[in-house]
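Undergrad: Next up is a structure, given as structure tokens.
Laboratory data are not the source of any read-out in this text; all were calculated from the coordinates shown. Note that this is a predicted model, so its numbers are computed, not measured. Cβ sites come from the backbone with ideal geometry, for glycine too, and all protein chains shown count toward neighbours.
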Amino acid sequence: MIDLKPIDIDGHTFLGISVQLPKTNLLVIANDKGYIMCGALDVALLNEKLKDRKVIAGRAVGVKTIEQLLHAPLESVTYEAENLGIHKGTIGRDALLKML
């Protein structure tokens, strides 16, 4: 099952996406500039092989819900996210606000 819902953070709307897969959930919160995601995100791939795409993204591990993703510290971030001031340890909702 796929669940899409708007997520309001300080008056800004993001899209929360949850995909229920066998034995796991895929979680993403995004806007038109970037996104944060559960542990399925391969930051190294984005930083190395897809560097020219300049993807703004962060990864949180151990989260099982969209709410947990909002409040979890990011375990890794892309180079482009770092350029916006989003660093390892940044809380999900704070990272999203920097993507405005």
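Undergrad: Could I have the simple spin-label model distance between Gln68 and Asn31, label points 7 Å from Cα toward Cβ, reported in nm to one decimal?
TA: In this crude label model, Gln68 to Asn31 measures out at 2.6 nm.
Undergrad: Which residues does the label zone of Leu100 cover in the range 22-62, counting backbone N under 20 Å from a point 7 Å along Cα→Cβ?
TA: Counting backbone N atoms under 20 Å from the label point, the list is 29-37, 56-58.
Undergrad: Give Lys33/Lys98; Lys23/Lys49; Lys23/Lys54 a once-over and call out the pairs whose C-alpha atoms are over 20 Å from each other. Could the numbers behind the result be given before it?
TA: On the way: Lys33/Lys98 10 Å; Lys23/Lys49 28 Å; Lys23/Lys54 31 Å.
Among Lys33/Lys98; Lys23/Lys49; Lys23/Lys54, the Cα-Cα distance tops 20 Å for Lys23/Lys49; Lys23/Lys54.
Undergrad: Could I ask something else about it? Using a basic spin-label model with each label point 7 Å from the Cα along Cα→Cβ, how many nm lie between Lys54 and Leu4?
TA: In this crude label model, Lys54 to Leu4 measures out at 2.7 nm.
Undergrad: While we're on this one: Per the helix-only calculation at 222 nm, which mean residue ellipticity applies to the chain, given -39500 (n - 2.57) for every DSSP H run of n ≥ 4 and division by its residues, nearest 500 deg cm²/dmol?
TA: -5500 deg cm²/dmol
Undergrad: When the chain is fully extended, how far beyond the present Cα-Cα distance does Tyr79 get from Val19, taking 0.36 nm per residue of separation? Each step should come with its number before you reach the end.
TA: Values: separation 60, 0.36 × 60 = 21.60 nm, distance 2.63 nm.
Working it through step by step, the gained length comes to 19.0 nm.
Undergrad: Cα-based Rg (one decimal) and Dmax (whole number) for the chain, in Å?
TA: Considering the chain through its Cα atoms, Rg and Dmax are 12.5, 35 Å.
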